[in-house]
Amino acid sequence: MRAVKGKAGLFLAVLVGLLLASCAQTPEEAEQEKIAAIIAEMSLEEKAELVVGTGMNLTGADGADAATLVDRLVPGAAGATSEMSHLGITPMVLADGPAGLRIRPTRDDNTATYYCTAFPIATQLASSWNTELVYRVGQAVGREVLEYGADILLAPALNLHRNPLCGRNFEYYSEDPLLTGKMAAAMVQGVQSQNVGTSIKHFAANNQETNRATIDTIVSERALRELYLEGFRIAVQEAQPWTVMSSYNKINGTYTSQNHDLLTKVLREDWGFRGFVMTDWLGGDDSVAQMEAGNDLLMPGNSRQKENIIAAVREGRLDESVLDRNVGRILNILIQSPRYKQYSYSNNPDLQAHALVARQAGTEGMVLLKNDGGTLPFSGNIKKMAAFGNTSYEIVTGGTGSGDVSEAYSVALIEGLENAGYSVFDSLKDAYAVYLKDAKAKQVADDSPLAQYMPKPRVEEMEVKASLMNKAVAESDIALITIGRNSGEFADRKEEADFYLTEREKALIRTVSETFRDRGKKTVVVLNIGGVIETSGWRDDPDAILLAWQPGQEAGNSIVDVLSGKVNPSGKLVDSFPMSYSDVPSAPNFPGMVLQSLSDEDLAGDSGREGTGFSGNVAEVVYEEDIYVGYRYYNSFDKDVAYEFGYGLSYTQFDYDNLQLSSEEFEDGITVTIDVKNIGPIAGKEVVQVYLGAPSVKLDKPREELAAFAKTDLLEPGQSQTLNFELSPRDLASYDTASSSWVAEAGRYEVKIGASSRDIKRTASFSLGEEIVVKKVNKALSPRREINRLQP
């Protein structure tokens, strides 16, 4: 073949080289090249527009015009990123929430409905201790996100249950970081299996609603690393969520959205996070600092933020390469989104199938707290119920605020009973209907802008007249009393008439229990609540107590599935139930102290304010309990509890046997095996919990910490299952602030296998000959002053 010479030859050589280079490129390299090309084409103004979102019509955002894009795409969604069609940049729709997709169920331009499935609250999902079940819930939620045209679900929420009065605990999983992280990872994996994204939130130490936008959380680096960051680390490293949402609060003096230590050193460098970070809505107060810290997207965005970012670049206060980096992170996720890939969404997810998932998740997350004399399940001669309590007729499916869902229906307890073939004492039912209608008519409507995010005032419990009580006991086979609680955004719960039952509620439980017991009949209390309450003062009165939590739209059916024995309860507590609120280790300092009171006029007059979502007073809270939260405190300090972490009864019994360790000396890891056998009369599942007691050489330690857990299959009577657990060096380690390292100290470690944190069935031990430095990490997030820490 004759050689090609001159310019033609050079052109051909270059063309061949480009083709070869193209063939050698990986898909990831091609994507990065495409993103770099888009960034190169963008003007400074367009970059600023992309990192500042759009969406809700809120004070501090750009008003009604900002909501136009969201209303056009998915009405009722929380926000969106900007659209730049000339650059091929499609918007991403961001939608709540933690218990299911939250969008508007009806639209002005058509008669169709857009209902979503209301799943059980996160605390209830965690109470199942079943990551496979949570994954299936995530799949169902993710399918609804996809089919309704959203791109990223603003969930799961995984802040720790530091204090039982936190108003949003229902959105979160547990007081334990391992359980929290595993549940969050399963949810992320389930949702993202449907090719949509998640945003794990609120990062981090966002453990209260009081002054949530201005509170400064003063906490040790060790408590942060071991407790408040650990669940997020697990979720990031096991599931790689598309996004992380920074929280409103400050940590040790710096807003989280402006905290380089948190968002860059910890999240990206220590953990390897690959997605982008967005603010909570109107979070933080300095857009330039947010850009530098690694908070890539500001939501829901306003014109001041764009102007400040542009001015900072032009004046040399913000390097444009930082803006390019943040834009690139957003585009990296955008090119994975269904809208960018032109997915043809149906607006018709399979809600019927998803309701079945919700019903199963509801039953499996319920916890049987008491069952004297085999009161439950209902025996064959139980046909007619006397349903007491306002909440028997108006079930609480879930919390309020961003964790709320617009479902097509909800099933009350009496409906669930009737669906299962039971009858309800009509005279009592009619009396409650009249009482509730009259009581609601007397309530004053709250027209404030935030009212939609907060629970409606609870109607005081009806006083049942003696004549009606006597008729109920004569004509019914069993009494059910439902106690309800609800909470949501912007406010924390109260001790009186919330954590503690009201006098009317306690009197109702006492009177009904005594009246029915005198006639040889039983009483069951159903707790339809979103968070921990006091039980020690009244739990002796009823014969059985079922913690039903807030089970979503199938609530009544799920509750009756357990009461009737159709499903054997297998849930376990994810929080300790203290004897009284004063026993809670954070009670003395929750929710902190106000340092400066700010009026609405003060905030309105601050025209330069960029965020600090929904106002608040200047305040701080000091985490003096340090690493001793929940059972870590109660067990280490020998404090009595009403019900311990991990507790839960079953309609059957289980035997634990043949605990074995793969070695008595720890090197790279140890395998723990245990046999679990159903020795009772009916099929059931058991949650097996592995706790680890570590030596305290230079670091003080809790008496034991959850190291692993698993749920058995449904075991028939007489059936056994062997469970295996792998313990790694990381499972042994505590955080040593002095060396910025995760360290497993030398000494003897005790393995405790239990049905709860205090019901330990089998123990074994192994030795670690020499200290192991498991991982050296960045020094970050240290408090600026000494903390008077709780110590054993």
- What are the residues in region 338-357 that are open to solvent by less than 50 Å² (accessible area, probe 1.4 Å) and of a type in the set (A, V, I, L, M, F, W, C), if any? Ala353, Ala355, Val357
- From Thr68, Thr54, residue being surrounded by 12 or more Cβ atoms within 10 Å (Cβ to Cβ), modelled with pLDDT under 95, under 26 Å from Val93 (Cβ atoms) and in contact with a helix residue (DSSP H, G or I) (Cβ under 9 Å, 6 or more places away or on another chain): Thr54
- Qualifying residue in region 295-305 (condition: acidic (Asp, Glu) and part of a helix (DSSP H, G or I)): no
- Are any residues in region 36-51 in a helix (DSSP H, G or I) and open to solvent by 20 Å² or more (accessible area, probe 1.4 Å), and if so, which ones? Ala36, Ala37, Ile38, Ile39, Ala40, Glu41, Leu44, Glu45, Glu46, Glu49
- Does any residue of region 174-186 turn out to be closer than 23 Å to Tyr345 by Cα and at pLDDT 95 or above? no
- Message: With the structure loaded, tell me whether Gly362 is of a type outside the set (A, V, I, L, M), in a helix (DSSP H, G or I) and in contact with a helix residue (DSSP H, G or I) (Cβ under 6 Å, 6 or more places away or on another chain) or whether it fails that test.
- Response: yes
- Note on the structure: Only one of Gly488, Gly530 is under 23 Å from Val687 (Cα atoms), outside any helix (DSSP H, G or I) and open to solvent by less than 30 Å² (accessible area, probe 1.4 Å), namely Gly530
- Only one of (1) over 25 Å from Pro241 (Cβ atoms); (2) open to solvent by less than 10 Å² (accessible area, probe 1.4 Å); (3) in contact with a strand residue (DSSP E or B) (Cβ under 9 Å, 6 or more places away or on another chain) does not apply to Ser287, and that is (1)
- closer than 30 Å to Thr256 by Cβ, surrounded by fewer than 20 Cβ atoms within 10 Å (Cβ to Cβ), modelled with pLDDT of 95 or more and not aromatic (Phe, Trp, Tyr): does that describe Lys775? yes
- Task: Could you tell me which residue of region 498-511 is nearest to Val459 (Cα to Cα), considering only residues that are open to solvent by 40 Å² or more (accessible area, probe 1.4 Å) and either not in a helix (DSSP H, G or I) or not acidic (Asp, Glu) (or both)?
- Result: Arg504
- Message: Tell me yes or no: at least one residue of region 540-549 is out of contact with any helix residue (DSSP H, G or I) (no Cβ under 9 Å at 6 or more places or on another chain) and outside any loop (DSSP other than H, G, I, E, B).
- Response: yes
- How about region 365-397: which of its residues are part of a loop (DSSP other than H, G, I, E, B), touching a residue at least 24 places away in the same chain (Cβ under 8 Å) and of a type in the set (Gly, Ala, Ser)? Gly365, Gly389
- Note on the structure: When Arg304 is run through (1) in contact with a Leu (Cβ under 9 Å, 6 or more places away or on another chain); (2) closer than 18 Å to Leu50 by Cβ, the failure sits at (1)
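Residue-wise test of (1) of a type in the set (Ser, Thr, Tyr); (2) at positive phi; (3) in contact with a strand residue (DSSP E or B) (Cβ under 6 Å, 6 or more places away or on another chain).
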residue: Thr264; (1), (2), (3): yes, no, no
residue: Phe276; (1), (2), (3): no, no, yes
residue: Ile309; (1), (2), (3): no, no, no
residue: Asn326; (1), (2), (3): no, no, no
residue: Ile330; (1), (2), (3): no, no, yes
residue: Pro338; (1), (2), (3): no, no, no
residue: Gly374; (1), (2), (3): no, yes, no
- Those residues that are among the hydroxyl-bearing types (Ser, Thr, Tyr) and surrounded by fewer than 24 Cβ atoms within 10 Å (Cβ to Cβ), I need them from region 380-397; list them, please. Tyr393
- Task: Of all residues in region 149-158, count the ones that are under 20 Å from Gly181 (Cβ atoms) and in a loop (DSSP other than H, G, I, E, B).
- Result: 4
- Note on the structure: Within region 103-148, restricting to residues that are in a loop (DSSP other than H, G, I, E, B) and open to solvent by 40 Å² or more (accessible area, probe 1.4 Å), the one that is nearest to Ile529 (Cα to Cα) is Tyr115
- Does any residue of region 149-157 turn out to be surrounded by fewer than 24 Cβ atoms within 10 Å (Cβ to Cβ) and under 22 Å from Gln553 (Cβ atoms)? yes
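Here's the yes/no breakdown for (1) outside any strand (DSSP E or B); (2) open to solvent by less than 80 Å² (accessible area, probe 1.4 Å); (3) small (Gly, Ala, Ser); (4) touching a strand residue (DSSP E or B) at 6+ places or on another chain (Cβ under 6 Å):
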| residue | (1), (2), (3), (4) |
| --- | --- |
| Glu667 | yes, no, no, no |
| Ile674 | no, yes, no, yes |
| Ile682 | yes, yes, no, no |
| Gln689 | no, yes, no, yes |
| Leu692 | no, yes, no, yes |
| Ala707 | no, yes, yes, yes |
| Gly718 | yes, yes, yes, no |
| Gln721 | no, yes, no, yes |
- Message: Show the residue pairs meeting these rules: Cβ distance below 7 Å; 6+ apart or different chains; first residue within region 501-516 and under 14 Å from Ala387 (Cα atoms); second residue of a type in the set (Lys, Arg).
- Response: Phe516/Lys522
- Note on the structure: Expected output for region 238-253 (first residue within 21 Å of Arg212 (Cα to Cα) and among the hydrophobic types (A, V, I, L, M, F, W, C), partner modelled with pLDDT of 95 or more and open to solvent by 10 Å² or more (accessible area, probe 1.4 Å), Cβ below 6 Å, 6+ apart or cross-chain) is Met245/Asp280
- Query: Which pairs have Cβ atoms under 7 Å, sit 6 or more apart or on different chains, and link a residue in region 671-688 that is over 16 Å from Thr652 (Cβ atoms) to one that is open to solvent by less than 10 Å² (accessible area, probe 1.4 Å) and hydroxyl-bearing (Ser, Thr, Tyr)?
  - Reply: Ile674/Tyr656
- Task: State all residues of region 723-743 that are in a helix (DSSP H, G or I) and within 27 Å of the chain's Cα centre (by Cα); if no residue qualifies, say none.
- Result: Arg730, Asp731, Leu732
- Message: Here is a list: Ile309, Ile335. Which entry is surrounded by 24 or more Cβ atoms within 10 Å (Cβ to Cβ) and farther than 19 Å from Ser247 by Cβ?
- Response: Ile309
- Item | Top-ranked residue of region 338-383 - restricted to ones that are among the charged types (D, E, K, R) and farther than 30 Å from Pro91 by Cα, ranked as nearest to the chain's Cα centre (by Cα) | Glu364
- Name the residue, out of Glu495, Glu475, Glu461, that is of a type in the set (D, E, K, R), touching a residue at least 40 places away in the same chain (Cβ under 8 Å) and under 21 Å from Ile395 (Cβ atoms). Glu461
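The values are calculated or read from the model by the stated rules, or taken from the named source; none is laboratory data. From a predicted model like this one, the values you see are computed outputs, not experimental measurements. Every residue, glycine as well, gets a Cβ built from its backbone with ideal geometry; the counts of neighbours run over all protein chains shown. Note: areas computed on protein heavy atoms with side chains; ligands, DNA, RNA excluded. Shrake-Rupley method; radii C 1.70, N 1.55, O 1.52, S 1.80 Å.
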